[in-house]
1. Cross-link partners among aspartates and glutamates for A:Lys234, C-alpha distance below 12 Å, same-chain residues fewer than 8 apart left out?
2. Beyond a 30 Å Cα-Cα separation, which of these cross-linked pairs lie in this structure: A:Lys100/B:Lys100; A:Lys25/A:Lys192; B:Lys25/B:Lys129; A:Lys57/A:Lys248; A:Lys408/B:Lys83?
3. So, by mean Cβ neighbours within 10 angstrom, what's the order for A:323-335, A:226-238 with the highest one leading?
4. Any chance you could check the Cα centroid distance between region B:50-105 and region A:130-145 for me, in angstrom?
5. Enter the angle in degrees (range 0 to 90, nearest 10) between the Cα long axis of helix B:128-142 and the first principal axis of the Cα atoms of chain B, meaning the one along which they spread out most.
6. Ignoring ligands, DNA and RNA, please state the percent of accessible area on region B:1-98 from carbon and sulfur, probe 1.4 Å.
7. Given the peptides A:148-159, B:54-65, arrange them by the average over their residues of other C-beta atoms within 10 Å, most packed first.
8. Between helix A:396-413 and chain A, what is the angle of the helix's C-alpha long axis to the longest principal axis, kept within 0 to 90° and rounded to the nearest 10?
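The values are calculated or read from the model by the stated rules, or taken from the named source; none is laboratory data. As the structure is a prediction and not an experimental result, all values here were calculated from the model. Don't worry about glycine lacking a Cβ; one is built from the backbone with ideal geometry, like all the others, and counts go over all protein chains shown. Calculation scope for accessible area: heavy atoms of the full protein, side chains included, ligands and nucleic acids excluded. Shrake-Rupley method; radii C 1.70, N 1.55, O 1.52, S 1.80 Å.
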Amino acid sequence: MTAQSKINTAFDPLAARKDFDILSKTVYGKPLVYLDNAASAQKPRQVLDAMRDFAAKEYANVHRGVHYLSATATDRYEAARETVRGFLNASSVDEIVFTKGGTEAINLVSYSYLAPRIQPGDEIVLSVMEHHSNIVPWHFLRERNGAVLRWVDLRDDGSLDVETLDAAIGPKTKLVAVAHISNVLGTVTPLKEIVARAHAKGVPVLADGCQGAVHEIVDVRGLDVDFYALTGHKLYGPTGIGALYAKKAHLKSMQPFNGGGEMIHEVTRAAVSYADPPARFEAGTPPIIESVGLAAALDYLNSFDRVAVKAHEHDLLAYARDGVRQFNWLRVIGDAPGKASILSFEAEGMHAHDLATILDREGVAVRAGHHCAQPLMERFGVASTTRASFALYNTRTEVDVMIAALAKARKILT
Amino acid sequence: MDDSLRELYQEVILDHSRHPRHFGKLEHATNTAQGYNPLCGDRITIYLMLGENGRIADVKFEGKGCAISQASASLMTDMITGKTITEAEILMGGFLNLVKGEKVEGLNEDDRETLNVMAGVSAFPMRVKCATLAWHTMKSALEGGGSAKTE
């Protein structure tokens with residue numbers, strides 16, 4: 001690493017890199033430059049060690065046995081819930097439901113909260129930049145319950161105009177579903193303002209926070225958001241776990257989603273009654289080891305000055321944005337002010353997959369495709385984009401490698 | 001440059017992708033099919049004209065895609081013109097084996113040599129579907145149309 005990689009903030013990415021064994025890997029004989037963080041982030045040793053140690057020393061099923069290990073495991077699982085609560089600044093642990101990921105969190109809201117409230121013709125307002133996980137659950141309600149999807153367009157720079165969104169909220173709107181940060185554009189939506197506008201019309205708001213929780217310091221109480229979905233694996237935690245934050249009153253009003261063990265109050269041959277939230281929505285054995293990993297990941301993030309981490313990520317984005325300016329054949333998609341460290345682009349005469357293949361051979365891992373956001377691709381008139389997404393452990397030197405690889409790809413393909 | 005990259009993006013492939021043969025719509029096609037690669041969102045339409053002698057009299061394709069998928073479609077349309085359905089299917093079988101790095105059998109020398117420019121794909125397992133999209137779509141057109149997917 002050169003001195004150039006050192007950023008003038010209180011956060012030292014070179015020190016953080018040492019926590020991630022995988023980052024010292026080489027691919028095709030070249031140092032790995034991992035820029036696919038918006039798809040999934042790498043896991044620090046602290047997360048892997050926490051999961052291993054827990055499984056090796058304290059593991060059993062939760063909430064069931066009276067034996068020693070069942071108690072320790074239950075304590076750790078519930079402690080993880082408290083860690084998530086603190087991370088989001090929710091008022092109560094009872095507002096945190098563990099799910100298998102962000103997708104399941106949104107589906108839970110679709111099935112258990114919204115479906116019973118939808119009459120044919122009722123509307124769901126969503127933006128065109130949503131990830132499919134914040135589209136398809138609403139399409140289900142369109143198909144099955146006769147809901148109408150009202151799409152909110154973006155400005156050409158990828159930003160979301162709160163007035164446009166406000167105008168889409170009508171008397172039949174039952175929910176606003178919007179990303180906190182776009183996984184393709186990096187756009188940060190004005191969530192607090194969106195919630196205020198929606199609430200003024202009596203409409204609740206679900207935020208897809210799968211990217212937002214990574215790059216923003218989330219305060220669900222400050223935002224006053226009704227539902228906030230996040231996933232562990234993008235937060236430097238394990239796969240197989242995510243969480244839904246929902247206001248207590250909403251959770252109490254919701255019917256169960258999956259049925260099984262743990263989520264009941266009492267089962268007889270004639271009837272069943274359900275546990276209180278959040279247990280009501282956690283049927284079956286939950287991702288116990290993963291919950292410990294997720295808590296370790298959030299502790300890891302919180303061990304840094306998160307404002308400084310954000311400044312570092314913004315520096316990488318600005319540096320990369322400047323770097324690609326020299327390529328007159330490259331069009332950046334999404335230039336919203338204050339956006340997060342996600343850079344999507346289209347290259348004239350070069351398909352994203354060809355570009356990504358050549359970058360890969362230079363050790364640079366980027367994502368090519370529609371990024372599970374096809375309505376957004378349609379909005380910008382592209383079939384796919386190439387996306388570089390930067391995490392706390394990336395450096396300016398790595399951006400340089402990407403820029404050089406892009407120049408090389410141009411040479412090969414044109 | 002990495003040898004496998006050089007082989008993948010060799011001049012013949014790039015030439016086919018930049019200047020695809022048989023590109024466009026075929027009026028009065030007897031068979032058409034659409035192909036879709038859900039991985040990248042690429043689409044292709046294949047138009048076939050089956051002659052009375054049972055041979056493929058003409059073929060064209062439309063669509064957007066990566067260099068590999070465009071070159072593969074261009075090459076395919078070049079090669080299957082004049083072939084019977086059975087011959088086209090044998091060619092396809094050989095092609096699929098080739099890009100998956102498996103043993104290629106049953107092809108004549110000329111076809112084999114022409115197809116060989118695509119052999120480099122086998123070193124890029126993530127790109128095999130790009131190469132096979134046009135072929136699966138052609139097969140679907142021959143079987144009476146509809147749509148083909150790579151997965």
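1. In chain and number order, the partners are A:Asp36.
2. Numbers: A:Lys100/B:Lys100 35 Å; A:Lys25/A:Lys192 41 Å; B:Lys25/B:Lys129 23 Å; A:Lys57/A:Lys248 34 Å; A:Lys408/B:Lys83 40 Å.
Check vs 30 Å cut-off fails for A:Lys100/B:Lys100; A:Lys25/A:Lys192; A:Lys57/A:Lys248; A:Lys408/B:Lys83.
3. Going from most to least packed, we get A:226-238, A:323-335.
4. 38
5. 10
6. Exposed carbon and sulfur together represent 49 percent of the surface.
7. With the highest mean Cβ count within 10 Å placed first, the list reads B:54-65, A:148-159.
8. Roughly 70 degrees between the two axes.
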